[in-house]
Amino acid sequence: VQLQASGGGLVQAGGSLRLSCEVSGGTFSNYAMYWFRQAPGKERQFVARINQSGVSTHSSDSVKGRFTMSRDNAENTVYLQISSLKPEDTAVYYCAADTSLLVVRRSGSGIPYWGKGTQVTVSS
């Protein structure tokens, strides 16, 4: 299973981006999908999770109301719409795919498939 994240870039505070993550080599609709982020010198942080059908999402308190996760099972792609960006959102954003459908793995531990990440930099 391969995950390819894209859509990162340099944006001013208050701006928006849409991150994408395309999954290949597996049955996309079988996976719960995640976004995590990691800022320099900091631990990996849970951002959001979406279930297989896209009906149920979870997100961290720090991004609620600003970040929206969605998926298109026909396109094997998951998205993260991020808005009202703040400098503290600067990080490498990673997508991940999990075969465990009932557990929300906020630590990321145990998630088997990860992409390489896309850099988001927010200038003040």
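With the requirement that a residue be under 19 Å from Tyr113 (Cα atoms), out of contact with any Cys (no Cβ under 7 Å at 6 or more places or on another chain) and not hydroxyl-bearing (Ser, Thr, Tyr), what does the range 59-100 give you?
Answer for the range 59-100, where residues must be under 19 Å from Tyr113 (Cα atoms), out of contact with any Cys (no Cβ under 7 Å at 6 or more places or on another chain) and not hydroxyl-bearing (Ser, Thr, Tyr): Met69, Arg71, Asp72, Asn73, Glu75, Asn76, Leu80, Val92, Ala96, Ala97, Asp98.
Where the second residue is of a type in the set (Asp, Glu) and open to solvent by less than 50 Å² (accessible area, probe 1.4 Å) and the first is on the phi < 0 side of the Ramachandran plot and lies in the range 104-122, which pairs have Cβ atoms under 8 Å and are six or more apart or on separate chains?
Here the result reads Arg105/Asp98; Ile111/Asp98; Pro112/Asp98; Tyr113/Asp98; Val120/Asp89; Val122/Asp89, each pair linking the range 104-122 to a residue that is of a type in the set (Asp, Glu) and open to solvent by less than 50 Å² (accessible area, probe 1.4 Å).
Residues in the range 48-60: is at least one of a type in the set (Lys, Arg) and modelled with pLDDT under 95?
Of all residues in the range 48-60, those of a type in the set (Lys, Arg) come to 49.
Of the ones still in play, those that are also modelled with pLDDT under 95 are none.
Within the range 48-60, none of the residues are of a type in the set (Lys, Arg) and modelled with pLDDT under 95.
Working only within the range 57-68, note down all residues that are exposed (fewer than 14 other Cβ atoms within 10 Å of the Cβ) and either small (Gly, Ala, Ser) or more than 19 Å from Gly15 (Cβ to Cβ) (or both). First the steps, then the outcome.
At the first step, the residues of the range 57-68 found to be exposed (fewer than 14 other Cβ atoms within 10 Å of the Cβ) are 61, 64-65.
Asp61, Gly65, listed by residue number.
When you go through (1) part of a loop (DSSP other than H, G, I, E, B); (2) open to solvent by less than 70 Å² (accessible area, probe 1.4 Å); (3) free of Cβ contacts under 8 Å to residues at least 60 places away in the same chain; (4) in contact with a Gly (Cβ under 9 Å, 6 or more places away or on another chain) one by one for Gly54, which number turns out not to apply?
(4)
So Ala96 ticks every box in (1) open to solvent by less than 10 Å² (accessible area, probe 1.4 Å); (2) of a type outside the set (S, T, N, Q); (3) touching a residue at least 60 places away in the same chain (Cβ under 8 Å); (4) part of a loop (DSSP other than H, G, I, E, B) but one. Which box is left unticked?
Single failed check for Ala96: (4).
Just one of Arg49, Arg71 is touching a helix residue (DSSP H, G or I) at 6+ places or on another chain (Cβ under 9 Å), surrounded by 15 or more Cβ atoms within 10 Å (Cβ to Cβ), in a strand (DSSP E or B) and not aromatic (Phe, Trp, Tyr); which is it? Even if it seems obvious, please write down each step before you answer.
Values: Arg49 fails: touching a helix residue (DSSP H, G or I) at 6+ places or on another chain (Cβ under 9 Å).
The conditions single out Arg71.
Name the single residue that is farthest from Phe67 (Cα to Cα) among those in the range 80-93 being open to solvent by less than 10 Å² (accessible area, probe 1.4 Å) and not in a loop (DSSP other than H, G, I, E, B). Even if it seems obvious, please write down each step before you answer.
Just the residues of the range 80-93 that are open to solvent by less than 10 Å² (accessible area, probe 1.4 Å), to begin with: 80, 82, 85, 89, 91, 93.
Checking the rest, the ones that are also not in a loop (DSSP other than H, G, I, E, B) come to 80, 82, 89, 91, 93.
On the way: Leu80: 7, Ile82: 4, Asp89: 11, Ala91: 14, Tyr93: 13 Å.
Out of the qualifying residues, it is Ala91.
Does Thr27 qualify as being within 17 Å of Gln2 (Cα to Cα), open to solvent by 30 Å² or more (accessible area, probe 1.4 Å) and of a type in the set (S, T, N, Q)? Can you show your working first?
Values: within 17 Å of Gln2 (Cα to Cα): yes; open to solvent by 30 Å² or more (accessible area, probe 1.4 Å): yes; of a type in the set (S, T, N, Q): yes.
It is true that Thr27 is within 17 Å of Gln2 (Cα to Cα), open to solvent by 30 Å² or more (accessible area, probe 1.4 Å) and of a type in the set (S, T, N, Q).
The values are calculated or read from the model by the stated rules, or taken from the named source; none is laboratory data. What you see is a predicted model, and the numbers here were worked out from it, not measured in a lab. Glycine gets a Cβ as well: all are built from the backbone with ideal geometry, and neighbour counts include every protein chain shown. These area figures cover heavy atoms from the full protein model, side chains too; ligands, DNA and RNA do not enter into them. Shrake-Rupley method; radii C 1.70, N 1.55, O 1.52, S 1.80 Å.
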